[in-house]
Amino acid sequence: MTATTASTASPASTATTASTASPEGARAHARAQGGTVVETMPTVPAATAADWPEDIADTLADSDLLIAETVAGGNYTTLAIQRGTVVEFTDLEGDACAHLAIFNAADTSERLNVADTVKIQWQAYLAAGAMLLSDRGRVLATIVADSSASHDTFAGTSTRGVNEARYGDGSPQGGTPSGRDLLILGAAKHGLSPRDLPPTISLFQGVRVADAGGLDFLGSAGAGASVRLRFELPAIVLVANVPSPVDPRDDYISTPLRIRAWRGEAATLGSAEAVATPEATRAFGNTIDYARAKGL
Amino acid sequence: MTTDLPVHLAGREVVLDEVVARRSPWSAQIAAGDELTIVDLEGNQAVDFLLYDSADTTVRYSAPDTIAAQRNVYLTEGSVLRANTGDALMTLVHDEVGRHDTIGGACSKESNSLRYGHHTVHQHACVENFLAEGANWGLGKRDLVSNINFYMNVPVEADGALGIVDGLSAPGLSLTLRADRDVLVLVSNCPQINNPCNGFNPTPVRMIVTRAAR
């Protein structure tokens, strides 16, 4: 049994009786479907979405509201965003898990490096203030707000084989897709191949390390938890919303993930995150000099 | 340096027996069923280690899949080194140290700039070794992922604090990996001198490939 959100499908029959035997009839049939609203979908234009965070909707112009999408459980999306963009992820019902692969859009050979992220910060548990570091000694994104603090830098995402064993299927076309299968699709849409997929982090379904290195599933902080990432470089972000690979529950439980993105300003050398530690000061220094030299 | 085989390899046929110089890269194809033994000749020498399916190098070692499958962040005897597909690539069948790292990744010129300062950028680093050796096999930067650090000690504390601390190894301690399929092994004998992973003194290691005697 699965518990993904089945709300991505349009109603089977929209309000039309047009025959689809001719191009004209088929066109009318297709066009009659426009405007359908389901729970999990992108909203375009983004500014017309109903549920922007109040602090953002009250202060930004509509033209600064960039992306509004709610990703179904067992589904994925990709974001292509400029430097300074803030992306908010919200675990609407408490069982979202956002598996993230992040690339520098100006040079996709530079990508998230989970090992450097935890090693350089001397800390494996992500929380507000943490940097997501690339393999080039630069900050891809900064966690600027986090009401969950239940995240995972260890277990990565799920694979087809493991999902087949656990749920009977792991393919993208099935009901219990693996995170890796979805990230491969997301990567392909940006000209990237399975070779390019680095280890990922995941938000909202945390783990903790117990004595002797054992990995404990901490799970969700509850419905409504959100995380804001401020991107310090232009980025391609692959987002798979699938269960944690170490979620101990027998069912594939994956609920909607809301994404909102708006225009913001990248950190400066004086930003709180950049002066927090010597490692951060050097990381933001590397990032800001690189962005300036490259004209980003 | 002794050329005697570690005692646990007694009776096995030696396919290859090489010393990797300090600070240097190394690679080899290991056939399914063969075993690779790494000997920490002088003690506390981090051996940065990547692993690929010889038949399809897009299938490569995955630290998260390995950790998720064994529900533990440390590698020890019995640990199965898994690919990004979840499949077994090698198994750690003999370990005289007790615990190895797969969280800390490889040192690089770039990460050294963050950890120690920009004065270390022109020091040699493991990523340089991986890139140089990988190029011989058609592998490039996009093929580098979070690696294993044999003989390196990275404890993770209850509050998530972690760090590369003094090693647990000693001169002559060895470990043995069995290839569960044909694999390509890529090694950087770590040149780091700014943390205790090599006891602040990079030293050689020995690589011995053996198979069951016919």
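Odds and ends about this structure:
- Residues satisfying the stated conditions in segment B:102-133, i.e. of a type in the set (A, V, I, L, M) and under 19 Å from residue A:111 (Cα atoms): B:103, B:106, B:114, B:125, B:127, B:131
- Near pairs, Cβ below 9 angstrom, 6+ apart or cross-chain, from segment A:165-191 (in contact (Cβ under 8 Å) with a residue 24 or more places away in the chain and under 15 Å from residue A:108 (Cβ atoms)) to any residue that is basic (Lys, Arg) and surrounded by 15 or more Cβ atoms within 10 Å (Cβ to Cβ): none
- Residue in segment B:36-57 that is crowded, with 18+ Cβ neighbours inside 10 Å, out of contact with any strand residue (DSSP E or B) (no Cβ under 7 Å at 6 or more places or on another chain) and within 13 Å of chain A (Cβ to nearest Cβ) present: no
- Selected residue [out of contact with any Ser or Thr (no Cβ under 6 Å at 6 or more places or on another chain) and either under 23 Å from residue B:66 (Cβ atoms) or aliphatic (A, V, I, L, M) (or both)] from A:198, A:243: A:198
- Scan of segment B:171-201 for residues that are small (Gly, Ala, Ser), closer than 24 Å to residue A:119 by Cα and more than 14 Å from chain A (Cβ to nearest Cβ), ordered by number: B:199
- Which numbered condition residue A:184 fails, given (1) away from chain B (no Cβ under 11 Å); (2) assigned to a helix (DSSP H, G or I); (3) of a type in the set (A, V, I, L, M): (1)
- When segment A:201-218 is limited to residues that are part of a loop (DSSP other than H, G, I, E, B) and in contact (Cβ under 8 Å) with a residue 12 or more places away in the chain, the one that is surrounded by the most Cβ atoms within 10 Å (Cβ to Cβ) turns out to be A:205.
- Residue match in segment B:87-109 (condition: under 19 Å from residue B:179 (Cβ atoms), facing chain A (nearest Cβ under 7 Å) and crowded, with 19+ Cβ neighbours inside 10 Å): no
- Subset of segment A:110-169 that is of a type in the set (D, E, K, R) and touching a strand residue (DSSP E or B) at 6+ places or on another chain (Cβ under 6 Å) - its residue that is nearest to the other protein chains (Cβ to nearest Cβ): A:116
- Flag if residue B:56 is over 14 Å from the mean Cα position of the chain (by Cα), touching a residue at least 40 places away in the same chain (Cβ under 8 Å) and over 18 Å from residue B:175 (Cα atoms): no
- Tally, over segment A:138-166, of residues that are among the hydroxyl-bearing types (Ser, Thr, Tyr), surrounded by 21 or more Cβ atoms within 10 Å (Cβ to Cβ) and farther than 30 Å from residue B:109 by Cα: 4
- Per-region count, segment A:187-200, residues facing chain B (nearest Cβ under 7 Å) and surrounded by fewer than 19 Cβ atoms within 10 Å (Cβ to Cβ): 2
- Count - residues of segment B:135-162 that are at negative phi and either more than 14 Å from chain A (Cβ to nearest Cβ) or free of Cβ contacts under 8 Å to residues at least 60 places away in the same chain (or both): 14
- Inclusion of residue A:198 among residues that are over 30 Å from residue A:263 (Cβ atoms), in a loop (DSSP other than H, G, I, E, B) and not hydroxyl-bearing (Ser, Thr, Tyr) is not warranted.
- Yes/no for residue B:130 being part of a helix (DSSP H, G or I) and either away from chain A (no Cβ under 14 Å) or not charged (D, E, K, R) (or both): yes
- In segment A:191-220, the residues that are under 18 Å from the mean Cα position of the chain (by Cα) and hydroxyl-bearing (Ser, Thr, Tyr): A:200, A:202, A:220
- Residue check for residue A:219: more than 14 Å from every other protein chain (Cβ to nearest Cβ) and either under 15 Å from residue A:151 (Cβ atoms) or at pLDDT 95 or above (or both): yes
The values are calculated or read from the model by the stated rules, or taken from the named source; none is laboratory data. Quick caveat, the model's predicted, so the values are computed rather than measured. Cβ sites come from the backbone with ideal geometry, for glycine too, and all protein chains shown count toward neighbours.
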